[in-house]
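J.: Mind having a look at this structure? Questions to follow.
The values are calculated or read from the model by the stated rules, or taken from the named source; none is laboratory data. The structure presented is a predicted model; accordingly, all values stated were derived computationally and were not measured. Using ideal geometry, Cβ is built from the backbone for each residue, glycine included, and neighbour counts are taken over all protein chains shown. Heads up: the accessible areas ignore ligands, DNA and RNA and are worked out on the full protein's heavy atoms, side chains in. Shrake-Rupley method; radii C 1.70, N 1.55, O 1.52, S 1.80 Å.
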Amino acid sequence: MRDQTRLRQPLSLVIGLLAIGVVAWLAACRTGSEAPTPSRVAPGDTDGVIAARGLTPDDVYAAVKTYMPTGRKDDYVMFASGGHSGQVFVIGVPSMRLLKEIGVFTPEPWQGWGYSNETRAVLDGGKVRGKSINWGDTHHPALSETAGDYDGRFLFINDKAQSRVAVIDLRDFETKQILNNPLATSDHGGTMVTPDTEWVIEGGQYAAPLGTAYASIEDYDAEYRGLVTFWKFDRGAGRIDPARSFAIELPPYWQDLCDAGKLVSDGWVFCNSFNTERATGGIEDDNPPFEAGASQRDMDYMHVIDLKKAAQLVTDGKAESIEGFQVLSLEVLNENGVLYFLPEPKSPHGVDMTPDGRYMVVSGKLDPHVTVYDFEKVKTAIAAKTFTGKDDYGVPIIDFDAVLEAQVEVGLGPLHTQFDNQGYAYTSLFLDSAVARWSLGGASGELNPEPDWTLVQKTPVHYNVGHLVAAEGDTVSPDGEYLVALNKWSIDRFLTVGPLHPQNFQLLDIGGSGETMKLLYDMPIGNGEPHYVQMIKADKLNVWEVYPEVGWDPIHQKKSENAVALGEEKIVRDGNNVEIFMTAIRSHFNPERVKIKKGDHVVWHITNVENAKDATHGFALPAYDINLSLEPGEATTLEFDADTDGVFTYYCSEFCSALHLEMAGYFLVQP
Ligand code: CUK
Ligand code: CUA
């Protein structure tokens, strides 16, 4: 019991007391004495609670292991995709306390996300064909890496619904950039980063004509295409540079999740695909439905991409421009040996590199095995041209048997794999509702005592697990310790809240290599559907508690040109343009009366001139659909046409002080 050993010093007393409680309870049961109901347990009576709830020693261990007394901070931070909310959730581990929701693709009123000029401009970066889209389907968050390890500086996330990617700065946990991929209508396999975050990978999903072109579905094979995009990240600027980004044209298979090579496989990228059958649906015309048509073949193709070579071809001017975006055509890829296909069993889903970068682990949704490929053998096969042929688009197919390392039978519906620091892999089993722990073999298997590539243990989770995450479990140095199963169904775990049930994040203890994985905590997520999560050691984050300077523009991370200092408040009229320079401080806005005329164009600058931690003010102007959050030091600007006359109020929407309700003003719009 490795973890209990670790806990013994700080918590020995508590555990000792709890253990006595359990013994007392067992003794009480045996003698038939009645346990008190919870309402009759006196405050502080630990034994009474244990007895009343019927807690087992495992329950008590789980409670102690996850409990963080007030003021005590968590060891890890999880960044979870917010699914259809279009946002990102921040959760502390092991307490599983929700710390924040970060506004990303969807306006978020508490943070004023999408109501100021600055944040509206970021959201507008995600306009699709000129239209504002106010939701997202965030899937895969990716923490920035240095040398293959999380560095705590940036977070990227994709919106599968629209083929968009976002950049979040982890100094203030705010979104700084949203980009729409002009070539694709959907993505899935993003975002993933290369080991030094030079590239942010956005995998494809449903094949379609590239860009905005229309083509009949009868011309699917000729006109529809798959895609993987490599966004160039400029760390200094904290932004993706679209001009230096590029995509590769792919056959019209449905590209799925990707992973970047690392260490020995650095410079390569591996993406799964499904529907290599090129099914086009049409159940209403007696065609096989997608679910059958897209899973006829025994093998689909992993796309093995030489990213270094691809980037060089772009530098050498070999890309063409589609919708103003650089694209390497299939022809160029084939001529230059950039792309290879590697057969992978039925309807693959996740592809995950082992921490040493040596092996690719693939799960076939319809195959009870995980399939492990040796990257060294892949390189040898490519050099020796050990191919079994080409696909219809001229892409060489690597001989499966020449590069296969192992197949491990783990259970039904394997999806995703993560790793720990003891030489084990963890694979989610959707159909089994379980997590499988299996031992790495080959060169990766030095840490564990098990024979090569063996299933070690399975633990049930509740229920229908999709992704899972282990602490830093996709980096070159995973931490082990904790694992979270991201379960799509909760069915009977919580109080019923209507037919739409919460989803369930379940925390598992995976410390102690030979020990049984222990379920520690159920966290209902009342905001679906969170897909993937990354978990970073909390001390790797270097987060600002307040902005560095009063008058700060968080989007550009510098002092704002529009900052308003105390004593410099004013209202300036120039024709129909009214510019307001306002400050906010506990507990007043200055000015408190703004008088304008209907039809005026209003530019409103507000600075929270405070620098005390947590002294946030809101600014609500409800009649104009505006709510801002002004964190200490923040300067922001909003702009609108005063098209509605009347008497309106603006008020502080953040409970900032005893006289918070008095923090208000009149906005008088004369007819
Ligand atoms: S996932 Cu997106 S549909 Cu397995 Cu990453 Cu579930
Ligand atoms: Cu300022 Cu409430």
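J.: Order the peptides 192-199, 82-89 from the highest to the lowest mean number of other Cβ atoms within 10 Å of their residues.
T.: Peptide ranking by packing, descending: 82-89, 192-199.
J.: Give me the percent of the accessible area of segment 552-670 that comes from carbon and sulfur atoms, probe 1.4 Å, all protein chains in place.
T.: So the carbon and sulfur contribution to the accessible surface is 47 percent.
J.: Taking a 30 Å limit on the Cα-Cα distance, which of the listed pairs Lys262/Lys318; Lys127/Lys346; Lys176/Lys377; Lys73/Lys160; Lys232/Lys488 fall beyond it?
T.: Pairs exceeding the cut-off: Lys127/Lys346; Lys176/Lys377; Lys73/Lys160; Lys232/Lys488.
J.: Can you sort Glu639, Glu291, Glu118 by solvent-accessible area, 1.4 Å probe, largest first?
T.: Highest to lowest solvent-accessible surface, that is Glu291, Glu639, Glu118.
J.: Using only helices, what value at 222 nm comes out for the chain when you add -39,500 (n - 2.57) per DSSP H run of length 4 or more and divide by the total residues, to the nearest 500 deg cm²/dmol?
T.: Computed mean residue ellipticity for the chain: -4000 deg cm²/dmol.
J.: Taking only pairs that are 8 or more places apart or on different chains, how many Lys pairs in segment 552-670 have Cα atoms under 20 angstrom apart?
T.: 6
J.: Another question, if that's okay. Please say if segment 486-623 is rounded, prolate or oblate, where rounded means a/c under 1.5 for a ≥ b ≥ c the square roots of the C-alpha gyration tensor eigenvalues, and otherwise the choice is prolate for a/b larger than b/c and oblate otherwise?
T.: Verdict is prolate for segment 486-623.
J.: On a C-alpha basis, how far is the centre of segment 286-347 from the centre of segment 527-585 in Å? Whole number, if you could?
T.: 42 Å
J.: Right, something else. What order, most packed first, do the peptides 660-666, 143-149 have when packing is the mean number of other Cβ atoms within 10 Å of each residue?
T.: Ranked from most to least packed, the peptides come out as 143-149, 660-666.
J.: Once the whole set of protein chains is in place, how much accessible area is left on Leu566, using a 1.4 Å probe, in Å² to the nearest 10?
T.: In the full protein context, Leu566 sits at about 110 Å².
J.: Next up: What do you reckon, how do Asp306, Asp219 stack up by accessible area (1.4 Å probe), largest on top?
T.: I get Asp219, Asp306, largest accessible area first.
J.: Further, regarding this structure: Have a look at the DSSP beta bridges in segment 571-619 and tell me what percent are antiparallel, nearest 5.
T.: Bridges in segment 571-619 that DSSP calls antiparallel: roughly 45 percent.
J.: As a test, work out the antiparallel percent of DSSP beta bridges whose residues both lie in segment 76-540, rounded to the nearest 5.
T.: Restricted to segment 76-540, the bridges split so that about 95 percent are antiparallel.
J.: Moving on. Could you let me know the centre-to-centre spacing of segment 450-506 and segment 261-280, using Cα atoms, in angstrom?
T.: With segment 450-506 and segment 261-280 each reduced to a Cα centre, they are spaced 24 Å.
J.: What shape does segment 76-540 have by the C-alpha gyration tensor, where a ≥ b ≥ c are the square roots of the eigenvalues, rounded means a/c under 1.5, and otherwise prolate means a/b greater than b/c and oblate the rest?
T.: Rounded, because the longest to shortest axis ratio a/c is under 1.5.
J.: Going through the DSSP H helices of the chain, which span 15 Å or more along their own axis at the Cα atoms while scoring at least 0.0 as a mean Kyte-Doolittle hydropathy?
T.: Result, helices passing both filters: 2-30.
J.: Moving on to the next point. Ranked highest first by average number of other Cβ atoms within 10 Å, how do 577-583, 54-60, 496-502, 453-459 line up?
T.: By packing density, highest mean first, the sequence is 577-583, 453-459, 54-60, 496-502.
J.: Rank Asp266, Asp539 by accessible area, highest first, at a 1.4 Å probe radius?
T.: Accessible-area ranking of Asp266, Asp539, largest first: Asp539, Asp266.
J.: Over the chain, what is the relative contact order in whole percent, taking alpha-carbon pairs under 8 Å and six or more residues apart?
T.: 10 percent
J.: Once you sort the root eigenvalues of the Cα gyration tensor of segment 244-401 as a ≥ b ≥ c, which label holds: rounded (a/c under 1.5), prolate (a/b larger than b/c) or oblate (the other case)?
T.: Since a/c reaches 1.5 but b/c is at least a/b, the shape of segment 244-401 is classed as oblate.
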